[in-house]
Amino acid sequence: MPLARSLSVTSLSGLEEWDEEFDLENAILFEIAWEVANKVGGIYTVIQTKARLTAEEWGENYFLVGPYVESNVRTQVELIEPTNPILKKTIEKMNSSGCKVYFGRWLIEGSPYVVLIDVGFTAWSLDTWKSELWELCDIGVPWFDREANDAVLFGFLTAWLLGEYAAQSEEPPHIVAHFHEWLAGLGLVLCRQRQLPVATIFTTHATLLGRYLCAGNVDFYNKLAEFNVDKEAGDRQIYHRYCLERAAAHCAHVFTTVSQITAIEAEHLLKRKPDIVTPNGLNVKKFSAVHEFQNLHAQSKNRIQEFVRGHFYGHLDFNLDKCLFLFIAGRYEFSNKGADIFLEALARLNYLLRVNHSDVTVITFFIMPARTNNFNVETLKGQAVRKQLWDTAQTVKERFGKKLYESLLVGQLPDVSKMLDKEDFTIMKRAIFATQRQCQPPICTHNMLEDSSDPILNCVRRIGLFNSSADRVKIIFHPEFLSSTSPLLPMDYEDFVRGCHLGVFPSYYEPWGYTPAECTVMGIPSISTNLSGFGCFMEEHIADPSAYGIYILDRRYRGVDESCNQLTSFLFQFCKQSRRQRIIQRNRTERLSDLLDWKYLGRVRQLPKEKFRFMWKLKDGFMLFVLFLHQYYISARHMALAKAFPEAYMYELHEPTSTSGFRYPRPASVPPSPALSRHSSPHHSEAEDNDDERYDEDLEAEKDRVNIRQPYSLPFKNKSSNAHVANANGDGVPSDKN
């Protein structure tokens, strides 16, 4: 489902589509990943959200390749006959040789073609292919590693598919094969070993060894250059997986990663410096109504408040209007995701709020799937009590309304003392007695299978945050993914994020970070770190991230205690903001969503010489250069084509200049503050109307747009009129003579 944002004057100017086409008539793109139509982790989101844009660029020449999983195909894929005659012959040949290959459309935005390979059907070839792998690459795969066995089968089958396609083509095709992660990497190695006419790209979204090392609580980033990678992989019994990943990285024509921090990691662990960094994006759906995302925030917040009313029944001694909702979400990796430092910071925040006599209450949600056996009975009871109270209030309201109506009909003002009789008071007293509670509100919404050893629960016990009345910070641990069909918290993840005030992701190991990116697109401020791809990306492209609601925690150059203090400071300062300040900050955060839209992360094109022309836009007297914003994925493909087919394509290597890179300016006004201006939200607090300082969101956005400058140099040189020209940065900009 595409995320939504508003189209208003707060949108970043200069980011408009261009309609030039790259000559792809004799080129075909296969994008290969284990998570094509098969949700396992974040790569599924990358491919799913990027598919529409890639399909628009490559048209009928774009095919995704993944494993055939029957349960997923039933709900996500429409099986059809292959539309490409060469691919049809290829699939028929493979099926007649003992394989099962399916073709269809993936029912997502863009409806891309998919080729799905049943790896289980060819399991009889596993031993033969393992022997071949050993003879060719000296890589042995143990029999008990099922995931690695699947990687071997998938790799040989994808190489078979690409080789057969090349063999069935009458004219030599220009095939681009983009492989994601080590599970698909063996196919790339085999393509190079068999010398197939394929331009190969390998993208690692996170290194295998890096994830294992960080999970082991080592000083990862300070010791990157010191690790004996072979020994470390062997000690963790993943040496064969590591070899597959490293071989794919070295064999690829173009090697990419998703962030600068992962590029450094890959250079040390995989021993190859990435050619291009390809950040991940999202599909951003634009609203026609101004500030519609603020209305959606208010609606979703009300739904979260209803859950809170039930969860804290009997202890609802805080003002929900002065309650802030924070959350952390992702895989349950306690240290890697920063849950450890977040809990410690919450304990310190609780102390600060109490000693400063703050009337703000912070409710923090931990959305991390863990092993459970059912819902917590006390949690379910809380929602039942809340519903019962609501029904009681509705009953009394109807009785009151009926008496009021009858009194007015006879022309008399009602006697308020007689509007509620003894029965009404009895019903209300029984409802009040039902809300009495002897125990504290539960921390966890489910019954944990390993309660005594659970890292989050043990840390909560250590810091003593048990949701007591004296605590200003409350904790709710929801150990499963959110769903609109849940009887407890019936909300989809997107709606839940919209209703929160702040996302907190103090990760120690996060190659990219989709969770803070999703917050940004929905206009929700977030905290990430300079060890995450998202945090580094935002630091690079925004002059003052915190002014836009993007707080970057320093976990690279500070110790754990210093980082914890900094996180506590971020949280405490956020709690001190007024409601009006938070509205202004959400407007600013939402304005950054264009930076994360696939439309701009992947749309730069390398054009034939005869199609080159300037892509400038004149706005308010300033040149806004739109071509250079982001070039990543398309540049990787063009670089691979130039390396694999030098007779048809070429590129020139240019070192980046000191001015390269887009940088979003500081806000034109002072930091967020209460103001007398039109209101961006349907609700309004009159208590904030007495401030003297004025703020106009539209005026500030207009100033920000004017402040944008063209930050790039023009390093392009045209050396051949017969070849497609691209430099290593994917610039493809003509000189003045053209």
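Restricting the first member to region 292-317 and to residues that are over 20 Å from PRO441 (Cα atoms), and the second to residues that are among the hydroxyl-bearing types (Ser, Thr, Tyr) and surrounded by 17 or more Cβ atoms within 10 Å (Cβ to Cβ), the beta-carbon pairs closer than 7 Å and six or more apart or on different chains are GLU292/SER6; PHE293/SER6; GLN294/SER680; GLN294/SER681; ALA298/SER681.
Taken over region 360-383, the criterion of being outside any loop (DSSP other than H, G, I, E, B) and either within 30 Å of the chain's Cα centre (by Cα) or more than 14 Å from PRO442 (Cβ to Cβ) (or both) is satisfied by THR361, VAL362, ILE363, THR364, PHE365, PHE366, ILE367, THR372, ASN373, ASN374, PHE375, THR379. Restricting region 502-523 to residues that are of a type in the set (A, V, I, L, M) and modelled with pLDDT of 95 or more, the residue that is surrounded by the most Cβ atoms within 10 Å (Cβ to Cβ) is VAL504.
Quick check on my filter: what residues within region 405-431 are assigned to a helix (DSSP H, G or I) and under 55 Å from the mean Cα position of the chain (by Cα)? Walk me through how you get there before you give the answer.
If we filter region 405-431 for residues that are assigned to a helix (DSSP H, G or I), which is where we start, we get 405-409, 416-419, 422-431.
Correct list: TYR405, MET419, GLU423, ASP424, PHE425, THR426, ILE427, MET428, LYS429, ARG430, ALA431.
Could you list all residues from region 195-248 that are among the small types (Gly, Ala, Ser) and over 24 Å from LYS130 (Cβ atoms)? Within region 195-248, ALA199, ALA206, GLY210, ALA215, GLY216, ALA225 qualify.
Apart from one condition, ASP317 fits all of (1) modelled with pLDDT under 95; (2) in contact with a Lys or Arg (Cβ under 8 Å, 6 or more places away or on another chain); (3) of a type in the set (D, E, K, R); the exception is (2). Residues in region 430-460 that are without any contact (Cβ under 8 Å) to a residue 40 or more places away in the chain and under 19 Å from ALA384 (Cβ atoms) were compared, and the one that is surrounded by the fewest Cβ atoms within 10 Å (Cβ to Cβ) is GLN438. One residue is enough: does region 225-234 have a residue meeting the conditions touching a residue at least 40 places away in the same chain (Cβ under 8 Å), surrounded by 18 or more Cβ atoms within 10 Å (Cβ to Cβ) and aromatic (Phe, Trp, Tyr)? No: zero hits. Candidates are the residues of region 309-333 that are among the acidic types (Asp, Glu) and farther than 16 Å from HIS501 by Cα; the one that is least open to solvent (accessible area, probe 1.4 Å) is GLU333. Against the definition (touching a strand residue (DSSP E or B) at 6+ places or on another chain (Cβ under 8 Å), among the aliphatic types (A, V, I, L, M) and assigned to a helix (DSSP H, G or I)), how does ALA247 come out, yes or no? No, not satisfied. Take the conditions (1) within 30 Å of GLN193 (Cα to Cα); (2) part of a helix (DSSP H, G or I); (3) in contact with a strand residue (DSSP E or B) (Cβ under 9 Å, 6 or more places away or on another chain); LYS301 misses just one of them, which is (1). Of all the criteria given as (1) in a helix (DSSP H, G or I); (2) at positive phi, the one not satisfied by GLY523 is (1).
Selection of region 264-298 for residues being open to solvent by 10 Å² or more (accessible area, probe 1.4 Å), modelled with pLDDT of 95 or more and not in a loop (DSSP other than H, G, I, E, B) yields GLU267, HIS268. For region 94-113, taking the residues that are more than 16 Å from ASN38 (Cα to Cα) and of a type outside the set (Ser, Thr, Tyr), the one that is nearest to the chain's Cα centre (by Cα) is identified as GLY110.
Of all the residues in region 143-153, those that are modelled with pLDDT of 95 or more and farther than 15 Å from TRP182 by Cα number 0. Quick one: how many residues across region 335-359 are surrounded by 19 or more Cβ atoms within 10 Å (Cβ to Cβ), part of a loop (DSSP other than H, G, I, E, B) and of a type outside the set (Lys, Arg)? Result for region 335-359: 2. Scan region 461-501 for residues that are surrounded by 18 or more Cβ atoms within 10 Å (Cβ to Cβ), over 15 Å from the mean Cα position of the chain (by Cα), hydrophobic (A, V, I, L, M, F, W, C) and not in a loop (DSSP other than H, G, I, E, B) and the total you get is 4.
Of the candidates ILE91, ILE86, ILE80, the single residue that is open to solvent by 30 Å² or more (accessible area, probe 1.4 Å) and more than 33 Å from the chain's Cα centre (by Cα) is ILE86. The sole residue among LYS50, LYS39 that is farther than 18 Å from GLY120 by Cβ, open to solvent by less than 10 Å² (accessible area, probe 1.4 Å) and not polar (S, T, N, Q) is LYS50. Residues in region 539-582 that are among the β-branched types (Val, Ile, Thr) and closer than 25 Å to LYS474 by Cα were compared, and the one that is surrounded by the fewest Cβ atoms within 10 Å (Cβ to Cβ) is VAL560.
For region 127-163, the set of residues classified as within 26 Å of LYS93 (Cα to Cα) and of a type in the set (A, V, I, L, M) consists of LEU133, LEU136, ALA151, VAL152, LEU153, LEU157, ALA159, LEU161, LEU162, listed by residue number. For region 93-111, the tally of residues that are touching a residue at least 60 places away in the same chain (Cβ under 8 Å), within 19 Å of ALA167 (Cα to Cα) and out of contact with any strand residue (DSSP E or B) (no Cβ under 6 Å at 6 or more places or on another chain) stands at 2.
Would you say ALA167 is among the hydrophobic types (A, V, I, L, M, F, W, C) and surrounded by fewer than 18 Cβ atoms within 10 Å (Cβ to Cβ)?
Judged against the criteria, ALA167 is a match.
Once region 84-106 is narrowed to residues that are in a loop (DSSP other than H, G, I, E, B) and out of contact with any Asp or Glu (no Cβ under 6 Å at 6 or more places or on another chain), the residue that is farthest from SER125 (Cα to Cα) is ASN84. Restricting attention to region 59-75, the residues that are open to solvent by less than 50 Å² (accessible area, probe 1.4 Å), out of contact with any Lys or Arg (no Cβ under 9 Å at 6 or more places or on another chain) and not in a strand (DSSP E or B) total 4. Residues considered: GLU109, GLU35, GLU81. Of these, the only one that is acidic (Asp, Glu), under 25 Å from PHE534 (Cα atoms), touching a Phe, Trp or Tyr at 6+ places or on another chain (Cβ under 8 Å) and not in a helix (DSSP H, G or I) is GLU35.
The values are calculated or read from the model by the stated rules, or taken from the named source; none is laboratory data. Every value quoted in this text rests on a predicted model; they were computed, and no experiment measured them. Positions of Cβ are generated from backbone atoms using ideal geometry, with glycine treated the same way; all protein chains shown enter the neighbour counts. Calculation scope for accessible area: heavy atoms of the full protein, side chains included, ligands and nucleic acids excluded. Shrake-Rupley method; radii C 1.70, N 1.55, O 1.52, S 1.80 Å.
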